[in-house]
1. Let me spell it out: the conditions are (1) touching a residue at least 12 places away in the same chain (Cβ under 8 Å); (2) loosely packed, with under 15 Cβ neighbours inside 10 Å, and ILE70 meets all of them except one. Which number is the exception?
2. Quick test of your reading of the structure: VAL27 fulfils all but one of (1) at pLDDT below 95; (2) in a strand (DSSP E or B). Name the failing condition by number.
3. Are any residues in region 4-34 open to solvent by 90 Å² or more (accessible area, probe 1.4 Å) and either within 9 Å of the chain's Cα centre (by Cα) or touching a residue at least 60 places away in the same chain (Cβ under 8 Å) (or both), and if so, which ones?
4. Just to check your reading of the model, which residue among LEU63, LEU45 is aliphatic (A, V, I, L, M), part of a helix (DSSP H, G or I) and either open to solvent by less than 30 Å² (accessible area, probe 1.4 Å) or without any contact (Cβ under 8 Å) to a residue 60 or more places away in the chain (or both)?
5. When the residues of region 48-59 are filtered to those that are in contact with a strand residue (DSSP E or B) (Cβ under 8 Å, 6 or more places away or on another chain) and open to solvent by less than 100 Å² (accessible area, probe 1.4 Å), which remaining residue is nearest to ILE70 (Cα to Cα)?
Amino acid sequence: MKIISVKVKPNSKQQSVRQEADGSFTVHLKSPPVDGKANTELIQLLTKEFNVPKSWIRIKSGLSSRSKLIEIAEA
């Protein structure tokens with residue numbers, strides 16, 4: 001399993017995933033942080049970025065925070 005640190009920026013004009021110099025990721029989301037919409041969009045974006053099924057990605061901590069730890073299963 002791989003664990004990555006993600007900083008989420010909701011309500012952005014466009015979606016993007018950027019890896020920082022320290023190995024963490026900054027993710028810009030269009031969705032607002034309401035009713036889990038931003039978390040759902042985050043998981044969809046990460047499935048495309050890492051080319052893994054949605055079931056392999058889990059928010060380990062920071063469910064209601066902008067800073068999250070994401071767990072990605074590996075084949």
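1. The one condition ILE70 does not meet is (2).
2. It is condition (1) that VAL27 fails.
3. Within region 4-34, LYS7 is the sole residue that qualifies.
4. When all the criteria are applied, what remains is LEU45.
5. ILE59
The values are calculated or read from the model by the stated rules, or taken from the named source; none is laboratory data. Since this is a predicted model, take the numbers as computed values, not measurements. With ideal geometry, Cβ positions are generated from the backbone for all residues, glycine too; neighbour counts draw on all protein chains shown. All accessible areas refer to the heavy atoms of the entire protein, side chains included, with ligands and DNA or RNA removed. Shrake-Rupley method; radii C 1.70, N 1.55, O 1.52, S 1.80 Å.
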